[in-house]
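None of the figures in this text is laboratory data; all of them are computed from the coordinates on show. These numbers were taken from a predicted model, which means no experiment stands behind them. When we count neighbours, we look across all protein chains shown, and the Cβ atoms used for this are built from the backbone with ideal geometry, even at glycine.
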Amino acid sequence: MTIQFLCPGCEQVAYLQLRLLPEAWNCPKCGKTLTPIPQEKLSEGGALIRCAICAGERFYTQRDFNQRLGCLVAGVGAALSPFTYGISLLICLALDGGLYFLLKQATVCYRCGSIYRGVARNPEHGAFDLHTAEVELQESKYVRRGNS
């Protein structure tokens, strides 16, 4: 079980093992200290309830696949479709369907974008919802301004 997140100081990608969360994590690039929130229930096989990085409580699930690579495959299929009479689109569709069933789920925090891999699926976490993302964005702006 791992967490992939961006350092709050320098926005470099970092990884932490969920079972071995340190009391304090120091970014190797900028030196910023981050105190992860302990996840007791996860070590017992429980579902994710609170983000270890930002304490957010809203999550969504997605397939653990690079979105840019997926868009590239779809773009290549679309670009080749006039020359292949649409067969390239069918091949891309089959490839996408196969990957959908083969790849595992990842849980993503709406607030900080941390990606949790290898955690038990929480049935309350559905697919990405644009309204929930906007609510989270507006709440974080409100909190950053110092309003409570």
Of all chymotrypsin sites (Phe, Trp or Tyr not before Pro) in the stretch 20-91, which ones are in loop regions per DSSP and have a Cβ with at most 16 other Cβ atoms within 10 Å? 65, 85
Helix-only mean residue ellipticity at 222 nm for the chain, each DSSP H run of n ≥ 4 adding -39500 (n - 2.57), per residue, nearest 500: -11500 deg cm²/dmol
Would you mind putting 74-81, 122-129 in packing order, based on average other-beta-carbon counts within 10 Å, highest first? 74-81, 122-129
To the nearest 20 Debye, how big is the dipole of the chain about its Cα centre, given +1 on the beta carbon of each Lys and Arg and -1 on that of each Asp and Glu? 300
Which entry in (1) 34, 18, 16; (2) 32, 22, 15; (3) 26, 15, 14 is this structure's computed semi-axes √(5λ) of the Cα gyration tensor in Å? (1)
Projected onto the charge dipole of the chain (unit charges on the beta-carbon of Lys, Arg, Asp and Glu, signs +1, +1, -1, -1), the Cα from 71, 128, 27 with the largest positive-side position is that of 27
Euclidean distance of C-alpha centroids, the stretch 1-80 and the stretch 107-148, integer Å: 12
Sum up the charges of everything whose Cβ sits under 13 Å from the Cβ of residue 105, counting Lys and Arg as +1 and Asp and Glu as -1, but leave residue 105 out. +3
Charge dipole of the chain built from unit charges on the beta carbon (Lys, Arg +1; Asp, Glu -1), centred at mean Cα; most positive-end Cα among 93, 51, 14 is 14
How tilted is helix 67-84 with respect to the longest principal axis of the chain? Cα atoms for both, answer in degrees (0 to 90, nearest 10). 10
Using Cβ contacts closer than 10 Å as the measure, can you line up 144, 111, 19 from fewest to most? 144, 19, 111
